[in-house]
Structure formats: structure tokens, C-alpha cells
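Since the structure comes first, as C-alpha cells, the remarks are kept for the end.
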Amino acid sequence: MAATAPMVVNAAPARGDVAAAGTGAQSEAERRRRLEALATNVARCALEAIAGTRDLDQLARWVTPGVYRALLTRVQHAERARRARRRAVSRAHVRVRAVTAQHDVGATEATVVVELGPRVRAVCVRLEPEASRWRASSVSVL
């Protein structure tokens, strides 16, 4: 398998920051920036996993179990399709074009537009606080 780029892990709040985010301990602009960075990284990693260049287990910590299962199914279908067409896994050149996010009290919903070589994809990510960090409760690759 090809070498994979490291995932930015400091985009999620540290322990206690989920509760502190509502108390003004963290500036609203900084909180939004961190959540948008997390949504971007989740989208990028999901697309790399579907392309076969990233191990899906690297994303498990940042998504809920239901999202992980759905992505696992999509990764397996993509792998079968590559095998049927006798295509080798090639490095996915992922470039983020735009991130649009809407922040609510208990969740952030982001749309990430990503270039994958000649194709452009949109990935919708919903982030919700769970325990002491933010996790993606929904990831839709369009």
C-alpha cells in the first residue's frame, strides 16, 4: 500500500474543550476554524479511503460507529470495482477547493468541495460533540 499523509489530529478540541466552547473559554472564530479543519480532514480521509490509498481504520476515531460501517461498505464496493476493472490503486491527488460550514449550538454541518484529479466531489460532514471530542455523525460523499 502507498504511504499515506498523516491526518491532522489537533483539529478536535482537547479534553474539556467541548464544554468550555460554550462558556466563552475559546473564541468563536477559533472554534469555527478548528471545526472546519476537522470537517476538511474527515472529508479528505474518507475520499482517500474510498480511493484505496488510506486505511479506513485511521478514520475510526473521528467518526461514529454507524458512519464507520457505511464507509467500510463503500470502501469494499470501490475495491471490488477496481478489481473487476483490473485497475491498480493509484495515489489520490486530493485538493480541497472550498469549505462551507453552518454552526449551530450542538453541531456543525460542513460541505467540503474536493478535487480528485479530473473529478470534483462534494462531501457533507456533520460534526457533533461526543464525550470529550467532536465526531462525525454523518458523512455523505456525493
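Each residue of region 115-123 was assigned a 3J(HN,Hα) from its phi angle through the Karplus expression (A = 6.51, B = -1.76, C = 1.60, θ = phi - 60°), giving 8, 10, x, x, 9, 10, 10, 10, 10 Hz with x at Gly and Pro.
Sort 45, 124 by Cβ crowding within 10 Å, fewest neighbours at the top.
Numbers: 45 25, 124 16.
Taking fewest neighbouring Cβ atoms as first place, the list is 124, 45.
Using alpha carbons only, the radius of gyration of region 101-142 set against its Kirkwood radius gives Rg/Rh = 1.08.
Placing unit charges on each Cβ (+1 for Lys and Arg, -1 for Asp and Glu) gives region 32-107 a dipole about its Cα centre, and among 84, 94, 106 the Cα reaching farthest toward its positive end belongs to 84.
No value in this document is a laboratory result; all are computed from the given coordinates. These numbers were taken from a predicted model, which means no experiment stands behind them. As a convention, Cβ positions derive from the backbone with ideal geometry for all residues, glycine included, and neighbour counts pool all protein chains shown.
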